[in-house]
Amino acid sequence: WVLSKTKKEDTDDNIAKYDGRWEVEELKENTVPGDRGLVLKSVAKHHAISAMLTKAFIFDNKPLIVQYEVNFQEGIDCGGAYIKLLSSSDDLNLEYFFDKTPYTVMFGPDKCGEDYKLHFIFRHKNPKTGEYDEKHAKRPDVDLKKFYLDKKTHLYTLVLKPDDTFEMLIDQSVVSKGSLLEDMVPPINPPKEIDDPSDKKPDDWDERPKIPDPNAVKPDDWDEDEPSKIEDPDAVKPEGWLDDEPQYVPDPNAKKPKDWDEEMDGEWEAPQIPNPKCETAPGCGHWVRPMKSNPNYKGKWKAPMIDNPNYQGIWSPRKIPNPDYFEDLHPFKMTTVSAIGLELWSMTSDIYFDNFIICSEKEVADRWAADGWGLKKLVASANEPGMFSQLVTAAEDHPWLWILYVLTLALPVGLGVLFC
């Protein structure tokens, strides 16, 4: 692994340097003796570290499998744990690895606030211009939250196949899959036709499907001045209404503060409180007749709507051939990869990485997982508390669960007593 010695571009000099610290350490919890990983140690710093592959990966007729482990040992507030597969080039110098270093594939978890992501991005080369564009995979449909907060080691796998399909897996379960041709944003291939930018909507184009009836006439008996609400003439003041009692009265228990200065603060008045005599009465103070809907109310008259005889539909510009159109039917043929890099910012420390592998055989990746992540999973399972301890821990976080526990125990006991 090679630490970057450069700076991040377009960033204040105070934080631009890649001075985030890395260590090789054992896991804090559920440790496998003798097993260590690469750990991001710093908070609110830029981190960049990379390593050359033992053999460059060429996208030809074999799948690409990228797999590695991540453990957010302190949870994660805002930060990523994704990796970049760096594009091959004659001038690739890992000591100058930074955010603008060309990469072919970016993959892995990322989180900020309540937004939990699993990235798969690849840089696609435009065959007409030679320029590169980032293509983003659709978001997984599963809830990713638990993978970021449970402080367990999770296995992240990306599979890219020569038939231009992909799969993303967490802990060897598929969380997202799709086609490079159909499920990337923006799409690989641009549209064949585009709107003509020179085409303008005619001034007399009528897009209104309905119009007010020009022949309609307001009825002679239509009164627009009638209010929507009127007093209810049938309402009767409730018996026991206290006309002479105010709704609020001065608090008899209030006392003027000792430091009250009437010359500076004015005459002191006790704060108002609800009149206790009104609590048992239907109401206090001046009784006002309630309002009801006015049966004669019609509101402002409007002509009824009719079909517009001049309706021409929603206007749209004519189509022309897209001058930037191209068709790439095999986007799997990506730029050769020769290095792997971690270029990260994090507000949480102690992010643990382990057991990176890039290969083409699923069986090799599965054996690699069994020898690494599989052992960590076994140790974590063995160290998990029993069911009773888990219930108590859950109730400490959510006290209302105690009520559920009591009811759950009381119900069978109560039914037993009742039926016996």
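The values are calculated or read from the model by the stated rules, or taken from the named source; none is laboratory data. Only a predicted model underlies this, so the values are computations on that prediction, with no experimental measurement involved. Glycine also receives a Cβ, built like all others from the backbone with ideal geometry; neighbour counts cover every protein chain displayed. Ligands, DNA and RNA are excluded from the accessible area calculation, which covers all protein heavy atoms including side chains. Shrake-Rupley method; radii C 1.70, N 1.55, O 1.52, S 1.80 Å.
Being in a strand (DSSP E or B) and farther than 19 Å from residue 85 by Cβ narrows it down to one of 194, 121, so name that one.
Working: 121 fails: farther than 19 Å from residue 85 by Cβ.
So the residue among 194, 121 that is in a strand (DSSP E or B) and farther than 19 Å from residue 85 by Cβ is 194.
Within the stretch 210-237, the residues that satisfy the criterion of being within 23 Å of residue 285 (Cα to Cα) and of a type in the set (Asp, Glu) are 231, 232, 234.
Residues in the stretch 343-370 that are open to solvent by less than 20 Å² (accessible area, probe 1.4 Å) and either touching a Pro at 6+ places or on another chain (Cβ under 6 Å) or within 13 Å of residue 41 (Cα to Cα) (or both): 344, 346, 348, 350, 351, 352, 353. Scanning the stretch 371-420 for residues that are at pLDDT 80 or above, under 19 Å from residue 28 (Cβ atoms) and part of a helix (DSSP H, G or I) returns 373, 375, 376, 377, 378, 379, 380, 381, 382. Any residue at all in the stretch 53-70 that is touching a residue at least 60 places away in the same chain (Cβ under 8 Å), open to solvent by less than 40 Å² (accessible area, probe 1.4 Å), over 23 Å from residue 140 (Cα atoms) and not in a strand (DSSP E or B)? Yes; the residues of the stretch 53-70 include at least one that is touching a residue at least 60 places away in the same chain (Cβ under 8 Å), open to solvent by less than 40 Å² (accessible area, probe 1.4 Å), over 23 Å from residue 140 (Cα atoms) and not in a strand (DSSP E or B). Of the residues making up the stretch 73-92, at least one is in contact with a helix residue (DSSP H, G or I) (Cβ under 8 Å, 6 or more places away or on another chain), within 26 Å of residue 18 (Cβ to Cβ) and either basic (Lys, Arg) or in contact (Cβ under 8 Å) with a residue 24 or more places away in the chain (or both). In the stretch 15-29, the residues that are over 14 Å from residue 39 (Cα atoms) reach residues that are open to solvent by less than 70 Å² (accessible area, probe 1.4 Å) and small (Gly, Ala, Ser) with C-beta atoms within less than 7 angstrom, at least six apart or across chains, in these pairs: 18/4; 18/48.
Scoring residue 327 on the criteria (1) in contact (Cβ under 8 Å) with a residue 12 or more places away in the chain; (2) closer than 23 Å to residue 153 by Cα leaves a single failure, condition (2).
Scan the stretch 317-337 residue by residue and report those that are assigned to a strand (DSSP E or B) and open to solvent by less than 90 Å² (accessible area, probe 1.4 Å).
Residues of the stretch 317-337 that are assigned to a strand (DSSP E or B), as a first pass: 319-321, 337.
Across the stretch 317-337, the qualifying residues are 320, 337.
Rundown of residues vs (1) acidic (Asp, Glu); (2) at positive phi; (3) out of contact with any strand residue (DSSP E or B) (no Cβ under 8 Å at 6 or more places or on another chain), yes/no style:
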| position | (1), (2), (3) |
| --- | --- |
| 76 | no, no, no |
| 96 | no, no, yes |
| 115 | yes, no, yes |
| 121 | no, no, no |
| 127 | no, no, yes |
| 138 | no, no, no |
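Restricting attention to the stretch 23-51, and to residues there that are open to solvent by 30 Å² or more (accessible area, probe 1.4 Å) and among the hydrophobic types (A, V, I, L, M, F, W, C), which single residue is modelled with the highest pLDDT? Selected residue: 24. Being at pLDDT below 95 and open to solvent by 50 Å² or more (accessible area, probe 1.4 Å) is the filter; apply it to the stretch 96-124 and report the residue that is nearest to residue 322 (Cα to Cα). Only one residue tops the list, namely 100. Just to be sure I understand the filter: pairs with C-beta atoms under 7 Å, separated by 6 or more residues or on different chains, first member in the stretch 233-258 and at positive phi, second member at pLDDT 90 or above and part of a loop (DSSP other than H, G, I, E, B). Which pairs pass? Between residues of the stretch 233-258 that are at positive phi and residues that are at pLDDT 90 or above and part of a loop (DSSP other than H, G, I, E, B), the close pairs are 240/281; 240/282.
Exactly one residue out of 314, 340 is touching a residue at least 40 places away in the same chain (Cβ under 8 Å), out of contact with any Cys (no Cβ under 8 Å at 6 or more places or on another chain) and not in a loop (DSSP other than H, G, I, E, B): that is 340.
Residues to consider are 311, 297, 352; find the one that is touching an Asp or Glu at 6+ places or on another chain (Cβ under 8 Å), among the aromatic types (Phe, Trp, Tyr) and under 30 Å from residue 231 (Cα atoms). Give the steps one after another, and end with the answer.
Details: 311 fails: under 30 Å from residue 231 (Cα atoms); 352 fails: under 30 Å from residue 231 (Cα atoms).
Within the list 311, 297, 352, the selection yields 297.
Within the stretch 145-191, being open to solvent by 10 Å² or more (accessible area, probe 1.4 Å), among the hydrophobic types (A, V, I, L, M, F, W, C) and in a loop (DSSP other than H, G, I, E, B) holds for one residue alone: 181. Whether a residue is closer than 30 Å to residue 91 by Cβ and open to solvent by 70 Å² or more (accessible area, probe 1.4 Å) was assessed, and residue 398 does not pass this test. The residues in the stretch 1-34 that are among the aliphatic types (A, V, I, L, M) and part of a loop (DSSP other than H, G, I, E, B) can be counted, and the count is 2.
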